[in-house]
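The next block holds one structure in the form of structure tokens; read it before the comments.
The values are calculated or read from the model by the stated rules, or taken from the named source; none is laboratory data. These numbers come from a predicted model, not from an experiment. Counting neighbours? That spans all protein chains shown, and the Cβs are built from the backbone with ideal geometry, glycine included. Protein only, heavy atoms only, side chains kept; ligands, DNA and RNA dropped before computing areas. Shrake-Rupley method; radii C 1.70, N 1.55, O 1.52, S 1.80 Å.
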Amino acid sequence: MFLRRQPFLCGDDITLADLLAVCELTQPLGGDRDVLQQRPELQRWRSRVQAAVGESFDRAHAVLYALRARQKAKL
């Protein structure tokens, strides 16, 4: 609903709301679940947030990525 008219949750610029929301929606990746898989509009938003934050995004989520890799290795 919030992303229909604007690139970020609260307008044209990234805010704390985007950072908090993207972290919540990224956490399931630790269990190898992408909750945005069937939601292309939210995937595009996540990409915009990642681009706005830069490499800090991947550093902040490194533990989740490691958990996902470990989970895949067990399968």
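Miscellaneous remarks
- Apportionment of accessible area to carbon and sulfur, the chain, percent (1.4 Å): 54 percent
- Once C-alpha pairs closer than 8 Å and six or more residues apart are averaged by separation and normalised to the residue number of segment 1-70, the relative contact order reads 32 percent.
- Three semi-axes of the equivalent ellipsoid, the chain, Cα gyration tensor, whole Å, largest first: 24, 14, 9
- Considering helices alone, the calculated mean residue ellipticity of the chain at 222 nm is -18000 deg cm²/dmol, with DSSP H runs of length four and up weighted by -39500 (n - 2.57) and normalised per residue.
- Taken per residue, the accessible surface of the chain reaches 72 Å², heavy atoms only and a 1.4 Å probe.
- Within the chain: Cβ-based charge dipole about Cα centre, in debye rounded to nearest 20 (Lys, Arg +1; Asp, Glu -1): 360 debye
- Seen from LYS74, the other residues with C-beta closer than 13 Å to its C-beta sum to a net charge of +2, counting Lys and Arg as +1 and Asp and Glu as -1.
- Loop-located chymotrypsin sites (Phe, Trp or Tyr not before Pro) in segment 1-50 (DSSP state not H, G, I, E or B) with no more than 14 neighbouring Cβ atoms inside 10 Å: PHE2.
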